[in-house]
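Remarks on the structure that follows.
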Amino acid sequence: MTDQIAALTTLIQSRAGTAPVQLGLILGSGLGHLAHAVDGVSIPYADLPGFPHVGVSGHNPNLVIGTLEGTRVAVFGAREHYYENGNPSAMRLPLAVLKALGATALIATNAAGSLRPDIRPGDLMLLNDHINFSGLNPLIGEKTDARFVPMTTAHDPDLRAALRDSAKAVGVALPEGVYAWYSGPSFETPAEIRAIKILGGDAVGMSTVPEVILARFLGLRVAAISTVTNMAAGMSDEQISHEHTKAMAPLGAAKLEQVLRHFLRKSL
Ligand code: HPA
């Protein structure tokens, strides 16, 4: 994979310049438009051999390298989820390339269902920890001892503090909670949601956890924010669907953009 990482890094730098990237940002379902806020170069994943072929609607499969609020960022407009091809390490190559481009930190975003009555559709939640409810791991098959990644402070305390400060500064509520990764693509049953609740989950979604593990493996600091698109199964009468997720994500996206812009301006 080392050669592939080097070749992709050269290719990306030939189009976007060699100035080091400071931060990576992965955009979740319905949040892809944030990539347009970046002043930079957009490279379709299709031009980057080994990058995922993302087929989930509501995602924007381009890598955008450029400046946002004075910070050099690499924005992944789409991710490959485990449920697409059964590959929990699908984002390993893109994240390794991010690291090779110079980044030291990653912010992952996602759409999620809330298990907390005080966190409603349209709200944001900062992940302070996660539960790997899928039992999968993107590092299975990795042969080096680096695979034994400590996860005690996987969700970086300093990044989280900075994001909380930014949320406060722009007047956006940013409660913290535990995100449970469910494989998807079917949504959870009400019984599964009750189980996740008992286990300590505050939100549930189909992504992000493999990326957090990979980021820590690669030595990237990482934080993640959910935009809540629905109450989890059985918690309200509302119908849960992908259409609904895509329709609701923009509600939180505007708040997310405000928080991230402030964070980039002040903290990096
Ligand atoms: N469950 C899993 N993933 C999701 C949900 C949900 O309720 N909402 C948005 N993504």
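The residues of segment 153-192 that are part of a loop (DSSP other than H, G, I, E, B) and under 18 Å from ARG221 (Cα atoms), listed by number, are THR153, ALA154, HIS155, ASP156. Count of segment 194-214 residues, restricted to those that are part of a helix (DSSP H, G or I) and in contact with a strand residue (DSSP E or B) (Cβ under 7 Å, 6 or more places away or on another chain), is 5. Could you list all residues from segment 237-268 that are open to solvent by 10 Å² or more (accessible area, probe 1.4 Å), of a type in the set (A, V, I, L, M, F, W, C) and near the ligand (Cβ under 9 Å from one of its atoms)? Matches in segment 237-268: ILE240, MET248.
Out of all the residues in segment 128-160, which are farther than 21 Å from TYR82 by Cβ, aliphatic (A, V, I, L, M) and open to solvent by less than 30 Å² (accessible area, probe 1.4 Å)?
Start the filter on segment 128-160 by keeping residues that are farther than 21 Å from TYR82 by Cβ, which leaves 128, 143-146, 148, 150, 152-153, 156-160.
If we keep only those that are aliphatic (A, V, I, L, M) too, we end up with 146, 159.
Hit for segment 128-160 is LEU159, nothing else.
Every listed requirement among (1) surrounded by 24 or more Cβ atoms within 10 Å (Cβ to Cβ); (2) not in a strand (DSSP E or B) is met by THR229 save one, (2).
Looking only at segment 42-70, residues that are touching a strand residue (DSSP E or B) at 6+ places or on another chain (Cβ under 6 Å) and closer than 21 Å to MET91 by Cβ come to 8 in all.
Across segment 181-236, the number of residues qualifying as closer than 28 Å to LEU93 by Cα, away from the ligand (no atom under 14 Å from the Cβ) and either touching a Gly at 6+ places or on another chain (Cβ under 6 Å) or of a type outside the set (D, E, K, R) (or both) comes to 11.
The values are calculated or read from the model by the stated rules, or taken from the named source; none is laboratory data. From a predicted model like this one, the values you see are computed outputs, not experimental measurements. As a convention, Cβ positions derive from the backbone with ideal geometry for all residues, glycine included, and neighbour counts pool all protein chains shown. Accessible surface areas use protein heavy atoms only, side chains included; no ligands, DNA or RNA. Shrake-Rupley method; radii C 1.70, N 1.55, O 1.52, S 1.80 Å.
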